1. Please compute the alpha carbon radius of gyration of the stretch 273-313, then divide it by the globular-protein estimate 2.2 N^0.38 Å. Two decimals is fine.
2. So how far apart, in nm, are the two label points at residue 286 and residue 42 if each is 7 Å from Cα heading toward Cβ?
3. For the chain, which span is the longest to avoid every loop-located (per DSSP) member of GluC sites (Glu not before Pro) having at most 10 other Cβ atoms inside 10 Å?
4. Dividing the alpha-carbon Rg of the chain by 2.2 N^0.38 Å yields what?
5. How much length would be gained if the chain were fully extended between residue 245 and residue 21, taking 0.36 nm per residue of separation minus their Cα-Cα distance, in nm to one decimal?
6. Output the Kirkwood hydrodynamic radius of the stretch 151-309, Cα pairs only, in Å rounded to one decimal.
7. Pairing the Cα long axis of helix 133-144 with the longest principal axis of the chain, what angle in degrees results, from 0 to 90 and rounded to the nearest 10?
8. What is the antiparallel percent of DSSP beta bridges lying wholly in the chain, to the nearest 5?
Amino acid sequence: MAQDGNYIFRLADDVCRAHVSFKNHYGITLAADLYAPKGLALDGSAEKAPAVVVGPPYSGVKEQGPGVYANELAHAGFVALAFDPSYNGYSGGEPRHISSPDVFTEDFHAGVDYLGTRDFVDRGRIGLVGICGSGAFALSAAQVDPRVRAVVTASMVDISSNYQMLSDEQRRAHLADMAEQRYIDFLNPAPTLYRRTGLELDFEGDPVASEFGTFYARSRGYHHNSIAQFAVTDGMAFLDFQELNHLDWIECPILLVAGEKAMSRGLTEGVYAAAPGPKEMLIVPDANHVDLYDDVAKIPFDKIEEFLSESLA
């Protein structure tokens, strides 16, 4: 059940959290929470700490999974920045609830900008953690940003790959629909949104909706800013610009975590096969996709913390 105000988890006793904001390259103000171990000297008077940027599942917000990860990582001694993506949550950007592979990747770059300019953070020891859709955005950022020294993904989903699997006929049909929708959106104050799986209360006959619903539509993970909707026409950008075209450019270590029973497991295994390394993959026994959003009994934090400690040493 949601606790501690907007959050779906309790803040650890030895962790402090502060609301912060910063602008990305496109001038959008991002809302974020900064987690740090209590007692960390924030004036730069002590040894600088390693840090991570933590991104949410596609349609998620920082008060859900990112906060769970940031809380645990701060407990382990890292500075962790959990953010709301542009156009979503408490972050800025108009119109609301649109998405872009470019902008969502830029949000990770901007998180590195912010952390790397804090007196208490060692800018040579910054990593990225991406849950679900943010896993691919984090990897995409690492393809071109040499400041990123490590990447961890959990239940990684490459949104653009969903569109690449369409047949030529399906692609043409989707593009024709989205092209016509742009005329409609242009004449209205906000783009038309479509509902993704996640907020359904009736799961009959749809196992994917059922799994997402156990998180987004129940007290376990519900948050009013996480509406599980994006603009109908967003698919144009994901069709045109693939997120993981340059996996071979990634030079930092990556750790890919997926649930044994997750419908997204194949995507993680595909990235692991394609990435040249250094890389590790961990399949979590008896875990599904959303288990790695918030289930601290199943999320392998010991392994994640060990990987980050070694990679950011």
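1. For the stretch 273-313, the normalised Cα radius of gyration is 1.33.
2. Modelled inter-label distance: 4.1 nm.
3. 48-203
4. Compared with the compact-globule rule of thumb, the chain sits at 0.95.
5. Length difference between fully extended and current span is 77.6 nm.
6. Final number for the Kirkwood radius of the stretch 151-309 is 17.8 Å.
7. Here the helix axis deviates by roughly 70 degrees.
8. 40
Quick note: the coordinates plus some simple rules give every number you see, no bench work behind them. None of these values were measured; they are calculated from a predicted model. Note: ideal-geometry Cβ built from the backbone for every residue, glycine included; neighbour counts use all protein chains shown.
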